[in-house]
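First comes the structure, then the notes that go with it.
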Amino acid sequence: MSSGQLEGKVAIITGAGGGIGRITALVLAREGACVTVAEINESLGQETVAQVTHAGGQSLFVRTDISQEADVRAMIAATVEKFGGLDILVNNAAAGSPKDQDILSMDVEVWDYVMLVNTRGPMLGCKHAIPEMLKRGGGAIVNIASGSALTGQLGLPAYSAAKAATISLTRSVATLYGQQGIRCNAIAPGLIMHGRLAPVFPAEHLQIDAENVLTPYQGTPDDIAKAVVFLASDNARFINAHVLPVDGGLLAHTPTFAQARALGQQRVAYDAPPA
Ligand SMILES: NC(=O)c1ccc[n+]([C@@H]2O[C@H](COP(=O)([O-])OP(=O)(O)OC[C@H]3O[C@@H](n4cnc5c(N)ncnc54)[C@H](O)[C@@H]3O)[C@@H](O)[C@H]2O)c1
């Protein structure tokens with residue numbers, strides 16, 4: 001069911017060939033936006049466009065490698081040509097590496113690749129989207145970061161650093177262009193299972209996540225999509241440079257939460273009762 005929060009808006013979402021991106025493209029279109037699907041994988045991107053169109057939305061596929069400036073420039077140009085302008089950019093595409101495990105074993109090629117896609121990509125998106133948004137008096141950028149940017153992780157050092165850079169980029173863009181009508185916010189998702197991740201994600205880790213979120217269920221791509229719509233819409237008109245965790249409260253509590261709960265402790269009493 002649509003409430004038309006984005007009626008008349010033009011949006012681009014990168015990396016919308018599956019997972020969070022595809023669902024977000026569908027939800028953006030359901031809310032009334034015309035949606036460009038910018039994806040490095042042509043068949044996955046075309047499938048998303050087919051699903052949006054089938055659901056009654058308007059969509060365009062542009063094969064895009066977000067790390068390449070010519071591609072990003074062409075992504076913006078094709079969108080403006082097809083839909084007449086640009087209001088919303090969702091920097092969602094990301095890439096990782098199975099070799100992004102530890103600092104001591106880090107190949108500089110792995111570090112550079114993860115940084116290239118995950119930091120240069122969103123920067124290029126902002127660089128080329130903002131001038132088009134300014135022509136319409138402003139716009140909204142939503143950068144998909146990660147909870148990994150906000151805490152230390154046992155692994156993923158390059159990915160985590162890149163996502164932290166995305167948060168910093170978010171604040172820079174909002175600071176530089178906020179008074180000209182550009183809102184730039186970030187979402188920090190927690191673990192979000194979807195079709196591509198489910199077969200490869202270890203069940204024990206899912207269980208650990210379930211024990212530590214502050215909800216009786218885990219997050220879905222739809223949870224991220226709804227947060228994107230909110231931040232992209234005029235309902236969030238006074239929200240800028242914000243980082244919104246969408247993680248079931250995972251980062252809000254003491255790291256010993258799950259163990260304490262397993263011991264049945266509600267709270268620790270530090271003061272001995274009077275004798
Ligand atoms: N799924 C999670 O648990 C989770 C948690 C925290 C943050 N995130 C973030 O949410 C976003 C979406 O996550 P996801 O799980 O759906 O990811 P995913 O890996 O399933 O999808 C990413 C998409 O980006 C595309 N892509 C990769 N490199 C690209 C490039 N250079 N140019 C254009 N497209 C490219 C891929 O083809 C893929 O379709 C990412 O930014 C990710 O870092 C996800």
In the stretch 127-153, anything in contact with a Leu (Cβ under 7 Å, 6 or more places away or on another chain) and more than 22 Å from Leu251 (Cα to Cα) is listed as Ala129, Glu132, Met133, Gly139, Ala140, Ile141
Candidates Val62, Val35, Val49, Val27, filtered to the one that is part of a strand (DSSP E or B), within 14 Å of the ligand (Cβ to nearest atom) and not hydroxyl-bearing (Ser, Thr, Tyr): Val62
Has the stretch 2-14 got at least one residue that is free of Cβ contacts under 8 Å to residues at least 40 places away in the same chain and within 15 Å of the ligand (Cβ to nearest atom)? no
When the residues of the stretch 1-38 are narrowed to those that are open to solvent by 20 Å² or more (accessible area, probe 1.4 Å) and over 19 Å from Leu231 (Cβ atoms), which ends up nearest to the chain's Cα centre (by Cα)? Gly18
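Give the residue, chosen from Ala165, Ala129, Ala149, that is more than 13 Å from the ligand (Cβ to nearest atom) and either in contact (Cβ under 8 Å) with a residue 24 or more places away in the chain or touching a Pro at 6+ places or on another chain (Cβ under 8 Å) (or both). Can you show your working first?
Working: Ala165 fails: more than 13 Å from the ligand (Cβ to nearest atom); Ala149 fails: more than 13 Å from the ligand (Cβ to nearest atom).
Result: Ala129 is the single residue among Ala165, Ala129, Ala149 that is more than 13 Å from the ligand (Cβ to nearest atom) and either in contact (Cβ under 8 Å) with a residue 24 or more places away in the chain or touching a Pro at 6+ places or on another chain (Cβ under 8 Å) (or both).
Would you say Ala95 is within 21 Å of the chain's Cα centre (by Cα) and away from the ligand (no atom under 13 Å from the Cβ)? Lay out the reasoning, then the answer.
Numbers: within 21 Å of the chain's Cα centre (by Cα): yes; away from the ligand (no atom under 13 Å from the Cβ): no.
Considered against the rule, which asks whether it is within 21 Å of the chain's Cα centre (by Cα) and away from the ligand (no atom under 13 Å from the Cβ), Ala95 comes out as no.
Here is a yes/no grid of residues against (1) within 12 Å of the ligand (Cβ to nearest atom); (2) crowded, with 20+ Cβ neighbours inside 10 Å; (3) under 18 Å from Val246 (Cα atoms); (4) at pLDDT 95 or above:
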| position | (1), (2), (3), (4) |
| --- | --- |
| Ser172 | no, no, no, yes |
| Gln179 | no, no, no, yes |
| Ile187 | yes, yes, yes, yes |
| Ala198 | yes, no, no, no |
| Ala210 | no, no, yes, no |
| Gly219 | yes, yes, yes, yes |
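The values are calculated or read from the model by the stated rules, or taken from the named source; none is laboratory data. Because the structure is predicted, anything quoted here is derived from the model rather than measured. Methodologically, a virtual Cβ is constructed for each residue, glycine included, from the backbone with ideal geometry; neighbour enumeration extends over all protein chains shown. Note: areas computed on protein heavy atoms with side chains; ligands, DNA, RNA excluded. Shrake-Rupley method; radii C 1.70, N 1.55, O 1.52, S 1.80 Å.
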